[in-house]
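Student: I am attaching a structure below and will ask some questions about it afterwards.
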Amino acid sequence: MNISWPHVVQVDTVRCVVEQVLKATDPSPPTRAWCCDTSRPNGPVRLLAFGKASISMAEAAFSALGNRISSGLVIGYPDQIASWSAPPRCSALPADHPLPTQRNIIAANRVRDFVADRSNPDPILALISGGGSSMLTSPAPGISLDDIRTLSNALMRAGATIEELNAVRKHIDTIKGGRLGLAANGLRVDVALLSDVIGDRIDTIASGPFAPDQTTFSDALTILQRTGLLGLVPSVTAHLEHGHRTGIGETPKPGCPELASISHTILAGNTSAATAADHALRGLHLNTAVRTEWTGESDELAKELVASLVGPNSAAVIAGEPTVSNVAPDARGGPVQQAVLAAAILLEKLAGDWLVCGVATDGFDGPTDAAGAAMDQTSLYTARALDLDPQQCLHEHRSYPLFKAIKTHIQTGPTGTNINDVLFAIRW
């Protein structure tokens, strides 16, 4: 992986921590171990992989199982699929993220056909990672691709959590919320999940295509009402209201007998990233406080991160899913960059040297090409020397252009994994 590091004084510290985080979040070792689980029958299997980590997970599966894989289908980022040499007996299709395109509909249809195919009765091993919600898109009748793009973008800009976003998605799509599991029609499906969801809810990761769904049409309507988006896309509102009123088209629920032959295993989640950051910082002889499974606004995360620094030679780690609400259409940045900038402004008020850094483990913080950013005292001086007001950039959600101007972005490209975000701060 060719990583572009930030121009900060303690860049070696940034490299040490971030490299250990990315190494710990590599899905290949746990995928390989899961595929070799001897509790499953030792016979031929079909392999399905989709999401941001699909290629890494598929390669690990082929390494572990070899000729036991009778056929395979992998859905991933277009650039990665184009440069990947798929193994024999395996097809690969591109799909876009974060907003779906026609390619994603084609991919969803292929996946449904693959799961429903009775000409090959071999059980399915499904390797699923974050990003699968967008990569497999199959709009419900009466809803267009543009409708889904418009609503998804609006929900993300409104600061909807992944649970909220996917609750809506599951009720306007024909493959999410356990419906792909129904297509298996009783066939054995063993699902391995790389979790990008705080709490590891299997019905939320990639919108739970094989999982019984705990959400309802009513929940989806409530979410749109709360975010002020209920009337934004009339076709969606009509579909959800009809489903709520009649119950027709509701997702399968826990206890659904048609999903009884499907199992789920969590391979790794956000805690893995936090633990790696903690170990790296302790190796630098810092007293570290760690918080995992954090959810909420980026600005609030920044406050907690700074408050957790107890004095000189202390560090704090927060891993989770920060969000940014009420983002203007011309804003540019992501939740991690917003949190790093907010924390830097707070840290400037403290005595001593400091550093703050954050990364999105998939390599993309929000709708930007940056995985994250780092800042120290010099970063703020540089920004102001360039006539950039950090506080104004924070308020206007324009962290990306500030970090670009002062050259403190962290850029990794696609990492082949996705288990949320990790931020850390240090006081010396």
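The values are calculated or read from the model by the stated rules, or taken from the named source; none is laboratory data. What you see is a predicted model, and the numbers here were worked out from it, not measured in a lab. Cβ atoms come from the backbone with ideal geometry, glycine included; neighbour counts cover every protein chain shown.
Student: I'm trying to understand the selection: among the residues of the stretch 106-118, which are farther than 15 Å from Cys90 by Cβ and over 20 Å from the mean Cα position of the chain (by Cα)?
Tutor: Ile106, Asn109, Arg112, Asp113, Val115, Ala116, Arg118
Student: Taking Gln392 as meeting all but one of (1) under 26 Å from Leu286 (Cβ atoms); (2) assigned to a helix (DSSP H, G or I), write down the number of the exception.
Tutor: Here Gln392 meets the rest and fails (1).
Student: The conditions are (1) in contact with a Lys or Arg (Cβ under 8 Å, 6 or more places away or on another chain); (2) under 24 Å from Ser308 (Cβ atoms), and Ser379 fails exactly one of them. Which is it?
Tutor: With respect to (1) in contact with a Lys or Arg (Cβ under 8 Å, 6 or more places away or on another chain); (2) under 24 Å from Ser308 (Cβ atoms), Ser379 is out only on (1).
Let's see how each residue does on (1) in a helix (DSSP H, G or I); (2) crowded, with 24+ Cβ neighbours inside 10 Å; (3) in contact with a helix residue (DSSP H, G or I) (Cβ under 9 Å, 6 or more places away or on another chain); (4) among the hydrophobic types (A, V, I, L, M, F, W, C):
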residue: Leu93; (1), (2), (3), (4): no, no, yes, yes
residue: Asp96; (1), (2), (3), (4): no, no, yes, no
residue: Pro100; (1), (2), (3), (4): no, yes, yes, no
residue: Ile105; (1), (2), (3), (4): yes, no, yes, yes
residue: Asn109; (1), (2), (3), (4): yes, no, no, no
residue: Arg118; (1), (2), (3), (4): no, no, no, no
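Student: Continuing with the same structure: Just one of (1) buried (at least 22 other Cβ atoms within 10 Å of the Cβ); (2) touching a Ser or Thr at 6+ places or on another chain (Cβ under 7 Å); (3) in contact (Cβ under 8 Å) with a residue 40 or more places away in the chain trips up Glu163, so point out which.
Tutor: That leaves (1) as the condition not met.
Student: Is it true that some residue in the stretch 401-412 is in contact with a helix residue (DSSP H, G or I) (Cβ under 7 Å, 6 or more places away or on another chain), crowded, with 24+ Cβ neighbours inside 10 Å and within 30 Å of Ile266 (Cβ to Cβ)?
Tutor: Yes: the stretch 401-412 contains one or more residues that are in contact with a helix residue (DSSP H, G or I) (Cβ under 7 Å, 6 or more places away or on another chain), crowded, with 24+ Cβ neighbours inside 10 Å and within 30 Å of Ile266 (Cβ to Cβ).
Here's the yes/no breakdown for (1) surrounded by fewer than 24 Cβ atoms within 10 Å (Cβ to Cβ); (2) not hydrophobic (A, V, I, L, M, F, W, C):
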{"site": "Asn2", "(1), (2)": "yes, yes"}
{"site": "Asp12", "(1), (2)": "yes, yes"}
{"site": "Ala24", "(1), (2)": "yes, no"}
{"site": "Ser28", "(1), (2)": "yes, yes"}
{"site": "Ser54", "(1), (2)": "no, yes"}
{"site": "Ala58", "(1), (2)": "no, no"}
{"site": "Gly66", "(1), (2)": "yes, yes"}
{"site": "Ile69", "(1), (2)": "yes, no"}
{"site": "Ile75", "(1), (2)": "no, no"}
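Student: Restrict the check to the stretch 339-356 and report whether at least one residue is more than 30 Å from Ile81 (Cα to Cα), β-branched (Val, Ile, Thr) and surrounded by fewer than 16 Cβ atoms within 10 Å (Cβ to Cβ).
Tutor: No, that holds for no residue.
Student: Okay, moving on. Enumerate the pairs (first residue in the stretch 300-318 and touching a residue at least 60 places away in the same chain (Cβ under 8 Å); second residue anywhere and assigned to a loop (DSSP other than H, G, I, E, B) and of a type in the set (Gly, Ala, Ser)) with beta-carbon separation below 7 Å, excluding pairs fewer than 6 apart on the same chain, so at least 6 apart or on different chains.
Tutor: Short answer, once both residue conditions are applied: Pro312/Gly352; Ala316/Ser308.
Student: Within the stretch 130-140, can one find any residue that is surrounded by fewer than 18 Cβ atoms within 10 Å (Cβ to Cβ), more than 18 Å from the chain's Cα centre (by Cα) and more than 29 Å from Glu297 (Cβ to Cβ)?
Tutor: Going residue by residue through the stretch 130-140, those that are surrounded by fewer than 18 Cβ atoms within 10 Å (Cβ to Cβ) are none.
No.
Student: Listed residues Ala82, Ala49; which is surrounded by fewer than 17 Cβ atoms within 10 Å (Cβ to Cβ) and closer than 23 Å to Asp26 by Cβ?
Tutor: Only one candidate qualifies: Ala82.
Student: I would also like to ask the following. Looking only at the stretch 1-46, which residues are within 21 Å of Gly320 (Cα to Cα) and part of a loop (DSSP other than H, G, I, E, B)?
Tutor: Thr25, Asp26, Pro27
Student: Let me ask something else. Mind telling me which of the residues Ala307, Ala344, Ala316 ends up being closer than 11 Å to Ser399 by Cβ, modelled with pLDDT of 95 or more and of a type in the set (Gly, Ala, Ser)?
Tutor: Ala344
Student: Hey, any hits in the stretch 108-122 for a residue that's touching a residue at least 60 places away in the same chain (Cβ under 8 Å) and closer than 23 Å to Thr222 by Cβ?
Tutor: No; the residues of the stretch 108-122 include none that is touching a residue at least 60 places away in the same chain (Cβ under 8 Å) and closer than 23 Å to Thr222 by Cβ.
Student: Name the helices (runs of 4 or more DSSP H) wholly inside the stretch 170-246 in which the number of residues that are of a type in the set (Asp, Glu), outside the structural domain of Asn104 (by TED's automatic domain parsing) and crowded, with 21+ Cβ neighbours inside 10 Å is 2 or more. Before the answer, list the steps.
Tutor: Values: elements: 179-183, 217-226, 234-246.
Per the criteria, no element qualifies.
Student: So Ala49 ticks every box in (1) part of a strand (DSSP E or B); (2) more than 18 Å from the chain's Cα centre (by Cα); (3) not β-branched (Val, Ile, Thr) but one. Which box is left unticked?
Tutor: (2) is the only condition that Ala49 fails.
Student: Arg332: closer than 30 Å to Gly416 by Cβ and basic (Lys, Arg), yes or no? Steps first, please.
Tutor: Working: closer than 30 Å to Gly416 by Cβ: yes; basic (Lys, Arg): yes.
When the stated conditions are applied, Arg332 passes them.
Student: Among Leu301, Leu305, Leu284, which is the only one that is surrounded by fewer than 17 Cβ atoms within 10 Å (Cβ to Cβ), in contact with a helix residue (DSSP H, G or I) (Cβ under 7 Å, 6 or more places away or on another chain) and in the same structural domain as Val340 (by TED's automatic domain parsing)?
Tutor: Matching residue, one of Leu301, Leu305, Leu284: Leu284.
Student: Thr271 passes all but one of (1) under 21 Å from the mean Cα position of the chain (by Cα); (2) surrounded by 24 or more Cβ atoms within 10 Å (Cβ to Cβ); which number fails?
Tutor: Result: Thr271 passes all but (2).
Student: Being closer than 25 Å to Arg169 by Cβ, of a type in the set (Val, Ile, Thr), touching a Pro at 6+ places or on another chain (Cβ under 9 Å) and touching a residue at least 60 places away in the same chain (Cβ under 8 Å) narrows it down to one of Thr227, Thr295, so name that one.
Tutor: Unique residue meeting the criteria: Thr295.
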